[in-house]
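Here it is: the structure, laid out below.
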Amino acid sequence: MSGGQHQQCIACGSKMQTFIERISDDRYGCPGVYSIDRCVSCGHMSTTPRLTEEDLPALYSNYYPRREIDFDALEREAALVEKPLAGFRRWIAGTDNQGHYLAKPGQKVLDIGCGSCLSLLEMRRLGVECWGVEADPNVRTIAEKYALRVHIGNIYDVPFADQKFDLIVLNQVIEHVPDPLAMLAALRDRLNRGGRVVLAFPNTGSFHRKLWKERWINWHIPYHQNHFNRTSFALLARKSGYDVERIRTITPNLWSVLQLRMSREQRQEGKASNTWSESGDSQKPPSFIQKVRNVAVSRGERLAGVMMGFGNRVLDVIGQGDSLLVELRLSATKN
C-alpha cells in the first residue's frame, strides 16, 4: 500500500479533504480501516491509504467470491443473452450498465477485468470476437474450461500485443484501478481507428449515495480506489486524451435490493456481511454468478425490486442513477 494523505485530485489538480474519516470492508471482511478524501473543486473522491497494482492479485484472490465456480449457473446466465427481448429485460432490470452489450457482431472487443468471464461467453454467443484481462488468478480455471482468450495479469503487461480493438470495455473496473490516468493512457494505442472505450462504474453524484451516505454499498472499500461523478470523470477522460461521446446513468435493481439488505445489518470491521455470503459463513464466499443473480429470492424482495425498478428508471432519466455508463473516443486533436 502507498500512503500519502490529501494528495492532489487526479482529475483537476485541486486540494483533497477528508470526506469520510473511517470506513472498512463491509462485504467480505477484509481487515483494515480506510478513509475517503474528496476534491474541493470537482468532487472526485479517493480511498486512502492507496493500494498499488502489486496489492491487487492477493486481495482479490483471498476475498473476492470466485474461488468456487458454479459452471452450470454461468452457462445458464450466458444463454439468456440470446433469448427474445433480452435487451428489454436488461433495461427493465437495470443490468444494461455493461459496456460489452454495445459490441456488434464481428467487432474485436477487449474486456478488462472480465471477472467470471460471463461477458466473454455472452459476446461469443453474439458473434463478437473477444479477449479478456483479469487480475484474479481464480479466473484461469474458467478461461481454460471454455477456451477463452484471457490474460491473467493487467493491461500493463501488454497482453495480446499484436491485436487492436474496436471496443475496449471496463465494466465496474476503473474504480478499482489505483492509477486510472495510467490505465486510460495504456488503452490509447490498443484502439483501432474510430474505436471506443466504454466504462461502467458507480456514480457518487447519485440519489442513493446522497440518501445512504456512509452506508452506500458502492463505496466498497478497499476494492474501490477511486469514486467518480459525472464531472470528475469527464475531466479525467479529457486529461487522458479522450472525448466523452455519451454519458448516462443506469441503476441495477439488484443494487437497490442489496442496499436495503445492507441497511439492516450491523457493520463490524473485519467481519463479512451476511448479505454478501450465501449462508452467513464468512469462510465460504458465494459463487460469483449465484451471488449476482440469486440474491433476491424472497417474494417480498422480488416485489420490492419491481417497485424500485420503476423509481430507478426515473432516476436514470434525470441523471441521478447509481451507475455511470460512459462512452469515450480518442480526441480528434490527439488522434
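Considering the range 127-138 alone, what residues qualify as being open to solvent by 40 Å² or more (accessible area, probe 1.4 Å) and over 18 Å from residue 107 (Cβ atoms)?
Correct list: 137 only.
Go through (1) more than 17 Å from residue 186 (Cβ to Cβ); (2) modelled with pLDDT under 95; (3) in contact with a strand residue (DSSP E or B) (Cβ under 8 Å, 6 or more places away or on another chain); (4) open to solvent by 20 Å² or more (accessible area, probe 1.4 Å) one by one and return the number of the condition residue 141 breaks.
(3) is the only condition that residue 141 fails.
Same structure, new question: Do you know which residues across the range 214-232 are closer than 28 Å to residue 89 by Cβ and not in a loop (DSSP other than H, G, I, E, B)?
217, 218, 230
If you don't mind, another one. Between 174, 221, which is among the β-branched types (Val, Ile, Thr), in contact with a helix residue (DSSP H, G or I) (Cβ under 7 Å, 6 or more places away or on another chain) and open to solvent by less than 30 Å² (accessible area, probe 1.4 Å)? I'd like the intermediate steps shown before the answer.
Details: 221 fails: in contact with a helix residue (DSSP H, G or I) (Cβ under 7 Å, 6 or more places away or on another chain).
174 is the lone residue from the list that is among the β-branched types (Val, Ile, Thr), in contact with a helix residue (DSSP H, G or I) (Cβ under 7 Å, 6 or more places away or on another chain) and open to solvent by less than 30 Å² (accessible area, probe 1.4 Å).
Taking the options 18, 48, name whichever one is free of Cβ contacts under 8 Å to residues at least 60 places away in the same chain, open to solvent by 50 Å² or more (accessible area, probe 1.4 Å) and closer than 20 Å to residue 232 by Cβ. Show your work before the answer.
Working: 48 fails: open to solvent by 50 Å² or more (accessible area, probe 1.4 Å).
Step by step, each of 18, 48 is checked, and only 18 is free of Cβ contacts under 8 Å to residues at least 60 places away in the same chain, open to solvent by 50 Å² or more (accessible area, probe 1.4 Å) and closer than 20 Å to residue 232 by Cβ.
Now for a different question. I'd like to check something: does the range 88-97 contain any residue that is within 27 Å of residue 182 (Cβ to Cβ), modelled with pLDDT of 90 or more and either open to solvent by less than 30 Å² (accessible area, probe 1.4 Å) or touching a Pro at 6+ places or on another chain (Cβ under 6 Å) (or both)?
Step one: filter the range 88-97 for residues within 27 Å of residue 182 (Cβ to Cβ), giving 97.
Next, only the ones that are modelled with pLDDT of 90 or more stay: 97.
Then keep just the ones that are either open to solvent by less than 30 Å² (accessible area, probe 1.4 Å) or touching a Pro at 6+ places or on another chain (Cβ under 6 Å) (or both); that gives 97.
Scanning the range 88-97, I find at least one residue that is within 27 Å of residue 182 (Cβ to Cβ), modelled with pLDDT of 90 or more and either open to solvent by less than 30 Å² (accessible area, probe 1.4 Å) or touching a Pro at 6+ places or on another chain (Cβ under 6 Å) (or both), so the answer is yes.
Do we find a residue being closer than 30 Å to residue 127 by Cα and among the β-branched types (Val, Ile, Thr) anywhere in the range 73-91? Break it down stepwise before answering.
Step one: filter the range 73-91 for residues closer than 30 Å to residue 127 by Cα, giving 73-91.
Checking the rest, the ones that are also among the β-branched types (Val, Ile, Thr) come to 81.
Yes - at least one qualifying residue is present in the range 73-91.
Can you find a residue that is in a helix (DSSP H, G or I), touching a helix residue (DSSP H, G or I) at 6+ places or on another chain (Cβ under 6 Å), in contact (Cβ under 8 Å) with a residue 40 or more places away in the chain and surrounded by 23 or more Cβ atoms within 10 Å (Cβ to Cβ) anywhere in the range 198-213? Quick ask: steps written out before the conclusion?
The initial filter retains those residues of the range 198-213 that are in a helix (DSSP H, G or I), namely 207-213.
Filter again for touching a helix residue (DSSP H, G or I) at 6+ places or on another chain (Cβ under 6 Å), leaving 207.
Restricting the remaining residues to those that are in contact (Cβ under 8 Å) with a residue 40 or more places away in the chain gives 207.
Narrowing the set further to residues that are surrounded by 23 or more Cβ atoms within 10 Å (Cβ to Cβ) leaves none.
The answer is no; no qualifying residue exists.
A further question follows. Could you tell me whether residue 133 is in contact (Cβ under 8 Å) with a residue 40 or more places away in the chain, at negative phi and not basic (Lys, Arg)? Steps first, please.
Numbers: in contact (Cβ under 8 Å) with a residue 40 or more places away in the chain: no; at negative phi: yes; not basic (Lys, Arg): yes.
Criteria not met by residue 133.
Do you know which residues across the range 114-137 are at pLDDT below 95, among the charged types (D, E, K, R) and touching a helix residue (DSSP H, G or I) at 6+ places or on another chain (Cβ under 7 Å)?
136
Suppose the filter is open to solvent by less than 60 Å² (accessible area, probe 1.4 Å) and in contact with a Lys or Arg (Cβ under 8 Å, 6 or more places away or on another chain); does residue 70 pass it?
Working: open to solvent by less than 60 Å² (accessible area, probe 1.4 Å): yes; in contact with a Lys or Arg (Cβ under 8 Å, 6 or more places away or on another chain): no.
No, not satisfied.
Further, regarding this structure: Before we move on, is residue 197 over 21 Å from residue 327 (Cα atoms) and among the aliphatic types (A, V, I, L, M)?
Details: over 21 Å from residue 327 (Cα atoms): no; among the aliphatic types (A, V, I, L, M): yes.
In short, no.
Could you look through the range 294-330, keep only residues that are assigned to a helix (DSSP H, G or I), open to solvent by less than 20 Å² (accessible area, probe 1.4 Å) and touching a Gly at 6+ places or on another chain (Cβ under 8 Å), and pick out the one that is modelled with the lowest pLDDT? Can you show your working first?
Here is the first cut: in the range 294-330, the residues assigned to a helix (DSSP H, G or I) are 299-317.
If we keep only those that are open to solvent by less than 20 Å² (accessible area, probe 1.4 Å) as well, we get 305, 309, 312.
Next, only the ones that are touching a Gly at 6+ places or on another chain (Cβ under 8 Å) stay: 309, 312.
On the way: 309: 85, 312: 95.
Among residues in the range 294-330 that are assigned to a helix (DSSP H, G or I), open to solvent by less than 20 Å² (accessible area, probe 1.4 Å) and touching a Gly at 6+ places or on another chain (Cβ under 8 Å), the one modelled with the lowest pLDDT is 309.
Quick check: is even one residue across the range 158-180 among the hydrophobic types (A, V, I, L, M, F, W, C), under 27 Å from residue 96 (Cβ atoms) and free of Cβ contacts under 8 Å to residues at least 40 places away in the same chain?
Checked against the condition, which is being among the hydrophobic types (A, V, I, L, M, F, W, C), under 27 Å from residue 96 (Cβ atoms) and free of Cβ contacts under 8 Å to residues at least 40 places away in the same chain, the range 158-180 yields no hits at all.
The values are calculated or read from the model by the stated rules, or taken from the named source; none is laboratory data. None of these values were measured; they are calculated from a predicted model. Quick reminder, even Gly has a Cβ in these numbers, built from the backbone with ideal geometry, and neighbours come from all protein chains shown. With ligands, DNA and RNA removed, areas are computed over all heavy atoms of the protein, side chains included. Shrake-Rupley method; radii C 1.70, N 1.55, O 1.52, S 1.80 Å.
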